[in-house]
1. Just to verify a result, which residue in the range 1-28, among those that are within 21 Å of the chain's Cα centre (by Cα) and of a type in the set (Lys, Arg), is surrounded by the fewest Cβ atoms within 10 Å (Cβ to Cβ)?
2. Does the range 1-54 hold any residues that are farther than 22 Å from residue 76 by Cα, out of contact with any Leu (no Cβ under 7 Å at 6 or more places or on another chain) and basic (Lys, Arg), and which are they?
3. If we scan the range 17-33, do we find a residue that is under 24 Å from residue 100 (Cα atoms), out of contact with any Cys (no Cβ under 6 Å at 6 or more places or on another chain) and β-branched (Val, Ile, Thr)?
4. Could you please find all residues in the range 32-46 being touching a residue at least 24 places away in the same chain (Cβ under 8 Å) and surrounded by fewer than 14 Cβ atoms within 10 Å (Cβ to Cβ)?
5. Give the residue, chosen from 71, 66, 57, that is touching a residue at least 40 places away in the same chain (Cβ under 8 Å), among the hydrophobic types (A, V, I, L, M, F, W, C) and farther than 16 Å from residue 3 by Cβ.
6. Take the range 38-57 and flag every residue that is touching a Lys or Arg at 6+ places or on another chain (Cβ under 9 Å) and either assigned to a helix (DSSP H, G or I) or at pLDDT 95 or above (or both).
7. Which ones in the range 79-115 are of a type in the set (A, V, I, L, M, F, W, C), outside any loop (DSSP other than H, G, I, E, B) and without any contact (Cβ under 8 Å) to a residue 60 or more places away in the chain?
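The values are calculated or read from the model by the stated rules, or taken from the named source; none is laboratory data. Remember, it's a predicted structure, so these values are computed and weren't measured experimentally. Every residue, glycine among them, receives a Cβ derived from its backbone with ideal geometry; neighbour counts consider all protein chains shown.
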Amino acid sequence: MKIKALFIFEIMGRPPEHIKNTLGELIDKLGEQKGIDIIRKEIREPKPVEKKDVQNLFTTFAEVELITDNLSLIFDIALNMLPSHVEILGPKELEFKNFDLSSVVSNLCVKIHKYDELAKVSLMEKNILIQRLKEAEEKIESFEKGIKGEDKKKRKLKKRERRKKINSKT
């Protein structure tokens, strides 16, 4: 059974020529996959991102219409290439085997577990960095107190020396 689908891929970055070329390469790789025939691709010209706090960033997108042999390839594209939109254009009704659905759901679970693992590792690393920053801050405060204490001692010594000079002159 042939499945016709429309994918929209978006990309942001700089310079504009680079993001357009990168998006073109992504689509070329997609077309090289076995069981996928690209029937239409349209890459839009990059435009600057219009946000106050964002400078020199550009965004563009591509519409890619393709025909594939099976629904698993549609799910593989969605999970691995992360399009911003997917639309199945035909056929109007799809029938697939239990095994195929299980395979797709299992792949989805693997992907979600990988992202969950990355999130947990990032959170642990963030907590370690926060703890190290707190320790460094405490050391800096302690060091500064030590310097201020030494400064007080030096001022007291200088004050005594001045008094001695004044007293010795009188």
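1. Taking the candidates together, the pick is 14.
2. The answer is 20, 44, 47, 51, 52.
3. No, there is no match, as no residue in the range 17-33 is under 24 Å from residue 100 (Cα atoms), out of contact with any Cys (no Cβ under 6 Å at 6 or more places or on another chain) and β-branched (Val, Ile, Thr).
4. 35, 37, 39, 40, 45
5. Result: 57 is the single residue among 71, 66, 57 that is touching a residue at least 40 places away in the same chain (Cβ under 8 Å), among the hydrophobic types (A, V, I, L, M, F, W, C) and farther than 16 Å from residue 3 by Cβ.
6. 39, 43, 44, 45, 46
7. 79, 99, 101, 104, 105, 108, 109, 110, 112
Here's the yes/no breakdown for (1) farther than 27 Å from residue 28 by Cβ; (2) out of contact with any Phe, Trp or Tyr (no Cβ under 8 Å at 6 or more places or on another chain):
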| site | (1), (2) |
| --- | --- |
| 50 | yes, yes |
| 77 | no, no |
| 89 | no, yes |
| 96 | yes, yes |
| 110 | no, yes |
| 113 | yes, yes |
